[in-house]
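Participant: I am attaching a structure below and will ask some questions about it afterwards.
What follows is calculated from the coordinates using simple rules that are stated; it is not laboratory data. If you're wondering where the values come from, they're calculated on a predicted model, not measured in any experiment. Positions of Cβ are backbone-derived with ideal geometry, glycine not excepted, and every protein chain shown enters the neighbour counts.
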Amino acid sequence: MKQIIVLSLLIFGFFLSKAQTLVPCTNTLTSSDFKVQKQNIQVFTGEVQKLNESKKLCSAFCLSATQVKELMGLLVQDMNRYELARHSVSKLSDPENNYALLDGFSSYSTAFRFYDLLKSGSKPTETKPVPSPAQLNFPSPTTYSGMSFCSTPVSEADYEALKKQCLLAQTESAKLNRMVQLTNNYCLSTAQYMVLCQGLDLESSRLVLLKAAYSKSFDPGNFSFAGQLFKEEASKAEFLKFIEVAAKGGGDPVPPTPAPKACEVTQTDLDDMIQSVRKQSFSSSKVTLAKQVLKSGECFKVSQVLSIVKLMDYDSDRLDIAKYAWDYTIDKKNYYLLNQAFSFESSGTELSKFVESKH
C-alpha cells in the first residue's frame, strides 16, 4: 500500500514539476564535499542541532534532491524532516526532482503535507530575524475587552512554574507535548503563549502550539501579535490565515485539540530506530545514533532498550548505551534484563552497580 501511495505522489510530482517554472541553482557541492559536510553534521548528538546545521548547509549551497534526502535521513522526527525539506526545496540544484523528497518521510501524513506545499508553489522566504523578547510587542490582557474563551489568565507566578516544567523536557516534541497540555488545563493570555513559544526552536512547532491554543486563550483578539514569532513568511502567512478563518467561523472555529500522545515508543517507531542504527557502518556511529534515538523517544521499555543495546558491536558500547538509556526508560524495575546483552560477566556486574547507585 505504501508503495502505491508513494508512486502516486511521484506521478503527481512529475506533472507538478513540469508545470512549474524552475530555475536551477548552480552553487553545488560535489559528492565528496557533500560527504564531508554530512559527516560533520552527524557528529552532533541533538536533533535540533542536526536540523539547524543541515539548514545552514542548504542555505549555503544548492544541494540535489538526493543530497537533501540523505540529510533528512539524519533526523529521527518527521516534523524535523519536513522543516528541512521545506527550507531547502526552493534552492535545489535539480528542482525538477523535488518530488523525490516525498520518499524521505516515514509517515504518509507528512508526505502528503509536503506534497500540498509543492502543489501550492509556496516557498520559505527568509525575512528579518525574529525579534528578541525585548523587541517583541506583547499585548496586554488587562486592557482586553473582546471575546474570550476562558475567564482569567493564570497568575505570573503560576505561569512561570508551568513554563519551567515545559522547558525541562529534553526534546522539542516533548516540550511541545507539554505545552499543548497546558492549553487544555489552564487559561493563558496571548502574551503568555508568545513567551512559551520562544522555548520552541522550530517554527512548525510554534505553529502547532498556537493553533491548539487559539480556542482556549483568554484574548483571541490579540492573537495576531504572535505573528512576530515567525521568521519565514510562509509560516507567518499560514498562521494569520488560520486566525482569519477561525475568527469568522461559526461556533467553535478551531478543530478540537487532539489529546497529547501517551509517553511511549510504538513498535513501528522502534523498528524505524533499529533500522537507522543498524545502517551505520562504524561502531562509534552506532553509539552516537543510538543515544540520539533514545533521547528523542524518551519513554522506552527495558525490552525495547535491549533491542537497541544488542545492535552495538562491543561490550563496552553495549554498557555505554545501557547506562545512557536509564533516564529514558519507564520500567526501571526490569533493568536487570539488560544483562543478557553482554558477552562478559564483568559488564553485567558493572551495570548492576550502576543501577544500585541510582537508588
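Participant: Kindly flag which residue pairs out of K91/K211; K211/K248; K38/K323; K38/K310; K216/K248; K50/K291 have an alpha-carbon separation exceeding 18 Å in this structure.
Facilitator: Result: K91/K211; K38/K323; K38/K310 exceed 18 Å.
Participant: Sticking with this structure for a sec: Where a Cα-Cα gap under 12 Å defines reach, which aspartates and glutamates qualify for K236, not counting those fewer than 8 residues away within the same chain?
Facilitator: Leaving aside aspartates and glutamates fewer than 8 places away in the same chain, those within reach of K236 are E126, E203.
Participant: To the nearest 20 Debye, how big is the dipole of the stretch 267-357 about its Cα centre, given +1 on the beta carbon of each Lys and Arg and -1 on that of each Asp and Glu?
Facilitator: That gives a dipole near 80 debye.
Participant: What order do you get for 337-345, 140-148, 210-218, 93-101 when each peptide is scored by the mean count of other beta carbon atoms within 10 Å, highest first?
Facilitator: 210-218, 93-101, 337-345, 140-148
Participant: Right, here's the next one. Which pairs break 22 Å Cα to Cα here: K175/K286; K69/K175; K295/K332?
Facilitator: K175/K286; K69/K175
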